[in-house]
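Reviewing the structure listed below.
The values are calculated or read from the model by the stated rules, or taken from the named source; none is laboratory data. This structure is a prediction, so every number in the text was calculated from the model and none was measured. Here the Cβ positions follow ideal geometry from the backbone for every residue, glycine too, while neighbour counts run over all protein chains shown.
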Amino acid sequence: MKRKDVEMVENKKFLTEAEAQQIAEKFLLAKHFQSKLDFIDSQLIDKDNVQVYQLQGEITMQSRGSLDRFVGPKAANKHKFKIEIEAQRGQVLGYEFT
């Protein structure tokens, strides 16, 4: 019986790292359009018996107002982010800006 369980795990198809990054990019840019993403780190981990990509990077957001571009420092629009993508179905499990 254990052998069947191992085979079932081995037969699962997982996303590649590039596919997980594409999903993360599409998700984040839908919420923060006209932004630029740079991925810094990615890991495939086992979280509660589910394979998850943890992606980290930096997002540069477009200033919302024309005056903001001249008043605020450019670094004010840069934020670090973390996002988790379920590796089999490609579902976004959560994200945060730090």
Residue count, the stretch 25-42 (criterion: in contact (Cβ under 8 Å) with a residue 12 or more places away in the chain and exposed (fewer than 13 other Cβ atoms within 10 Å of the Cβ)): 5
Entirely in the stretch 1-72, the helices (runs of 4 or more DSSP H) that have 1 or more residues that are at pLDDT 95 or above and of a type in the set (S, T, N, Q): 17-31
